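Report on the structure given below.
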Amino acid sequence: MSIVVIGAGPAGMMAAIAAARRGCDVLLIEKNDRPGRKMYISGKGRCNITNDTDIPGFLKEVVSNPKFLMSALSAFSPYDTVNFFEQRGLPMKTERGGRVFPVSDKSADVIDCLVREVKASGVLLHTSETVVRLEEKDGRIVRVITDKGSYDADAVVIACGGLSYPKTGSTGDGYAFARALGHTIKDPKPALCPILLSGAVDAAGNTISREQLPFPEGLSLKNIEARILLQGGSALFCEFGEMLFTEKGVSGPAVLSLSSRINRLEPKSLLFAIDFKPALDIKTLDARILRDFGQNANKQFKNSLNELLPKSAIPFIIALSRIDPEKPVNLIQREERKGLVGLLKGLKMPVGDLGSINEAIVTAGGVNVREVNPATMRSKLVENLYFAGEVLDVDALTGGYNMQIAMSTGYLAGMKLECQNNIEEQNGGNCDVDNSH
């Protein structure tokens, strides 16, 4: 008999390590040919493992069910995560926004560190093996059936991720297992994904389709303020930072965070708005434009915005301004200039949809956390079933938070599960994963 952990991502590996260090016999099953495949693309290949913040600060960045994570974060905090890797020879560094990366900037180093610890802890790792079903008897899972055999189980941890980036193995298997055992699945939605736009609103208030505009695909903007508005105009959410225009919409850090805020709303009821100059109020920006126009009095409008906007943004803004691009700037009327200022301080673009779940960094939705004990990660419906990571209905914004959630919930599940001979009681719940403060 043993503990079976399904999925060798950060949640599954941490669960396996914690359980094995308590003396449990642990089998870790991964359907890919190697563990941590999705981690390779985390942080653009650099692996943003956590965020250097305290628990209250951390929970502010959690979109779905933050209170559910209190026990998990208390058991294994961002501080503990940094200690875990540094004590195993992988130094960490903290960058802007509290983002924590390995000094090497290599995701592979994080994965290798976890895999070494998995093996050093005595965990039996099976790769290229797919779990087919979980066999239940009298309210307990008794056996795990795979495409290569079957395994008796004292307890099972489902840690096989969500639906995002399915090429990495996240194909919703955990949802199917949980649903078959009676659990409710909150409808999975893309989170931290691009926002697709159907067009833009010009200076006169007319909506022009994206296809009819010189849409600035590839344009990267820094230090902008991005907002989500209701079609009626009231603001819902706001993010400051970087963004990128894509072929069909927008992406980048500020956009990804906003996407997680709106994935339960009707997209077509929303507007995406950009303040290109958040450091300037309307009066100051108008004065700035007047000064630029004065210095370029003999130039055509299309040639007068180089100091104000990135080159690739200019045709887009000109098209929306309704000012003749050939018009000399000394002939531009006050109302025309007012329209231009309005665009720069609040360009509005109707939201068409969100990017597909295949493009999402994480999945929102999953196993209903009301059916899981937050102090142990154990199912309230099946006596010896535990959950960890993205399979749960918990997701957060960008910045290392989702990786930390995976490791914290995995660690807690591994520490709290019950294995043969009541090892937790015999060992006093001790674990060699050092999380001292």
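The values are calculated or read from the model by the stated rules, or taken from the named source; none is laboratory data. Here the structure is a predicted model, which means the values were calculated and not measured. Cβ placement follows ideal geometry from the backbone for every residue including glycine, while neighbour counts extend to all protein chains displayed.
Numbers below:
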item	result
Residue within region 69-87 that is in contact with a Pro (Cβ under 8 Å, 6 or more places away or on another chain), over 27 Å from T171 (Cβ atoms), assigned by TED's automatic domain parsing to the domain that holds F177 and free of Cβ contacts under 8 Å to residues at least 40 places away in the same chain present	yes
Region 18-34 - residue that is in contact with a strand residue (DSSP E or B) (Cβ under 6 Å, 6 or more places away or on another chain) and not in a strand (DSSP E or B) and, of those, nearest to R143 (Cα to Cα)	C24
Candidate set: region 351-383, residues that are polar (S, T, N, Q) and surrounded by fewer than 20 Cβ atoms within 10 Å (Cβ to Cβ); chosen: the one farthest from F85 (Cα to Cα)	S356
A200 vs. criteria more than 19 Å from R37 (Cα to Cα) and outside any loop (DSSP other than H, G, I, E, B)	yes
Criterion violated by N206 - all others in (1) of a type outside the set (A, V, I, L, M, F, W, C); (2) in contact with a strand residue (DSSP E or B) (Cβ under 6 Å, 6 or more places away or on another chain); (3) at pLDDT 95 or above satisfied	(2)
Candidate set: region 309-350, residues that are under 19 Å from D292 (Cβ atoms), charged (D, E, K, R) and touching a strand residue (DSSP E or B) at 6+ places or on another chain (Cβ under 6 Å); chosen: the one surrounded by the most Cβ atoms within 10 Å (Cβ to Cβ)	K345
The lone exception for S128 - which of (1) over 18 Å from G12 (Cβ atoms); (2) surrounded by fewer than 16 Cβ atoms within 10 Å (Cβ to Cβ); (3) small (G, A, S) it fails	(1)
Number of positions in region 297-328 that are within 21 Å of A204 (Cβ to Cβ), in contact (Cβ under 8 Å) with a residue 60 or more places away in the chain and not hydrophobic (A, V, I, L, M, F, W, C)	3
Long-range neighbours under 6 Å by Cβ, at least six apart or interchain, first residue modelled with pLDDT under 95 within region 333-351, second small (G, A, S) and not in a helix (DSSP H, G or I)	none
Near pairs, Cβ below 7 angstrom, 6+ apart or cross-chain, from region 201-226 (touching a residue at least 24 places away in the same chain (Cβ under 8 Å) and under 16 Å from K348 (Cα atoms)) to any residue that is part of a loop (DSSP other than H, G, I, E, B) and of a type in the set (K, R)	D202/R322; A203/R322; A204/R322
Residue check for S209: of a type in the set (S, T, N, Q), in the same structural domain as L280 (by TED's automatic domain parsing) and under 19 Å from the mean Cα position of the chain (by Cα)	no
Candidates V157, V255, filtered to the one that is β-branched (V, I, T), out of contact with any helix residue (DSSP H, G or I) (no Cβ under 7 Å at 6 or more places or on another chain) and in contact (Cβ under 8 Å) with a residue 60 or more places away in the chain	V255
Filtered residues of region 164-174 (kept if surrounded by fewer than 24 Cβ atoms within 10 Å (Cβ to Cβ) and out of contact with any Cys (no Cβ under 6 Å at 6 or more places or on another chain))	Y165, P166, K167, T168, G169, T171, G172
Residue list for region 268-300, filter: over 23 Å from K222 (Cβ atoms), surrounded by 16 or more Cβ atoms within 10 Å (Cβ to Cβ) and modelled with pLDDT of 95 or more	L270
Failed item in (1) within 21 Å of the chain's Cα centre (by Cα); (2) outside any loop (DSSP other than H, G, I, E, B); (3) at negative phi; (4) free of Cβ contacts under 8 Å to residues at least 40 places away in the same chain, with T171 passing the rest	(2)
Selection status of E242, in contact with a Lys or Arg (Cβ under 9 Å, 6 or more places away or on another chain) and in a loop (DSSP other than H, G, I, E, B)	no
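So that you can scan it fast, the table gives a plain yes or no per residue for (1) out of contact with any strand residue (DSSP E or B) (no Cβ under 8 Å at 6 or more places or on another chain); (2) among the aromatic types (F, W, Y); (3) crowded, with 20+ Cβ neighbours inside 10 Å:
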| residue | (1), (2), (3) |
| --- | --- |
| K60 | yes, no, no |
| Y79 | yes, yes, no |
| G89 | yes, no, no |
| E95 | no, no, no |
| S104 | yes, no, no |
| D112 | yes, no, no |
